[in-house]
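Quick notes on the structure that follows.
No value in this document is a laboratory result; all are computed from the given coordinates. Not measured: the values here are computed from a predicted model. We place every Cβ from the backbone using ideal geometry, glycine too, and count neighbours over all the protein chains shown.
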Amino acid sequence: MLKSILAAACIAALTTVSAQAGVTIRIGGAGSPDSPDTKAMEVFKQKMEAELGSDVSIQLFPSSQLGTVDEMVEQVKGGVLECMYESVGDLGSFHPAANVEGVAYFYRDEDHFFRIWRGPVGKEILDAIAKDAGFRVLGPAFHGFRQFLLTKPAESLADIQGRKIRAPGIPAYIASIQALGANPATIPFEEVYTAIQQGVVDGVEQPLVAIKDQRFYEVAKHLLITNHMAETMGFMCGEPWYQGLDKRVQDAFAKSADASADWYRDYTDSSQAKVLEELVAQGVVVHKPKLDEFIAKAAADSKYDAALQPYIDKIRAVK
């Protein structure tokens with residue numbers, strides 16, 4: 001509670017409302033200033049200001065300046081912070097639909113991802129989260145498929161059995177990692193580097209861009225290419241606050257968020273090979289297992305919340 005109060009005070013101290021701006025939007029994030037997450041926020045800011053001019057003031061706070069991811073979620077929920085830019089799965093404790101992000105081997109490819117999130121099924125899911133949990137998610141973005149980064153070599157599914165892997169404290173993520181035979185440890189994202197360094201965990205699972213941005217490669221050198229999940233980034237705002245905006249601002253917000261997602265998709269597509277090369281240059285050893293055994297084990301052993309299953313079925317029905 002004290003942390004939340006301090007974080008709220010920090011927001012108030014950092015915020016200067018422009019006298020000319022009709023709407024001030026503060027957006028928190030966990031990415032470093034140079035990360036693609038922060039760049040996606042900057043693209044959004046540029047688009048919004050181009051659309052609305054002096055009628056809007058966008059203030060960005062990357063690097064967890066406003067608190068941890070969990071604290072920022074609480075601030076958005078409580079109406080202290082307008083929006084944050086993070087993984088949709090972070091809302092998993094508020095609504096079962098947000099847990100779809102943590103379902104293993106869910107998306108056939110990147111195009112399938114966007115057919116879902118830019119289509120009627122994605123809209124239905126996001127509207128349900130807004131209506132029932134109070135978070136309006138805009139501009140779902142492809143952050144890349146997630147991989148395992150480990151402190152010791154692994155060449156196959158058998159090699160990760162029982163290993164302690166950091167995973168988000170989100171039910172579907174935990175269920176998926178358990179289904180693959182690893183032992184999920186729910187450590188806050190901001191503490192992962194130290195946890196690996198101190199041997200508290202045997203590794204982490206993250207997209208390549210996050211592995212590079214957070215410098216996890218400094219403390220774990222074995223990259224297992226599994227493509228086991230696809231992270232969905234997005235602007236997550238308080239639904240009551242969002243509904244209080246006039247339609248012109250809402251339309252500009254949605255348009256700018258989608259433009260940010262388009263930028264992130266292009267970045268992810270163009271950067272994966274380069275990021276992998278950079279990781280190898282830092283001493284990371286790449287392991288490429290046969291994925292059929294991973295897919296089969298996830299399908300056989302995954303046990304998700306019954307409330308999540310209808311959303312899983314809807315997404316799997318998208319061709």
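Using the per-residue mean of other Cβ atoms lying within 10 Å as a proxy for protection, in what order, highest first, do the peptides 88-98, 250-260 fall?
88-98, 250-260
Estimate the FRET efficiency between Ile225 and Glu42 by the formula 1/(1 + (r/R0)^6), using the beta-carbon distance for r and 30 Å for R0, to the nearest 0.05.
0.50
Given Cα pairs under 8 Å that are at least 6 residues apart, what percent is the relative contact order of the chain?
About 24 percent, as a whole number.
With N denoting the number of residues in the chain, provide Rg(C-alpha) divided by 2.2 N^0.38 Å, to two decimal places.
My calculation over the Cα atoms of the chain gives 0.97.
Restricting attention to the stretch 96-169, which GluC sites (Glu not before Pro) occupy a DSSP loop and are surrounded by at most 16 other Cβ atoms within 10 Å?
Qualifying residues, ordered by number: Glu155.
Please list the non-local residues whose amide H lies under 5 Å from the amide H of Arg26, H modeled 1.01 Å from N, same-chain partners needing a gap of 5 or more.
Amide H neighbours of Arg26: Gln59, Glu82, Cys83.
Please sort 165-172, 193-200 by packing, taking for each peptide the average over its residues of neighbouring beta carbons within 10 angstrom, highest first.
Final packing ranking: 165-172, 193-200.
If you average 1/r across every pair of different Cα atoms in the stretch 188-316 and take the reciprocal, what Kirkwood value do you get, in Å?
Its Kirkwood hydrodynamic radius stands at 18.2 Å.
Which whole-Hz couplings ³J(HN,Hα) result when phi for each residue of the stretch 53-67 is put into the Karplus expression 6.51 cos²θ - 1.76 cosθ + 1.60, θ = phi - 60°, listed in order with x for Gly and Pro?
Here the 3J(HN,Hα) series is x, 6, 6, 9, 10, 9, 10, 9, 10, x, 6, 6, 4, 9, x Hz.
What ³J(HN,Hα) values, in whole Hz, does the Karplus curve 6.51 cos²θ - 1.76 cosθ + 1.60 give for the stretch 126-135 when θ = phi - 60°, with x put for Gly and Pro?
5, 5, 5, 5, 5, 5, 8, 10, x, 10
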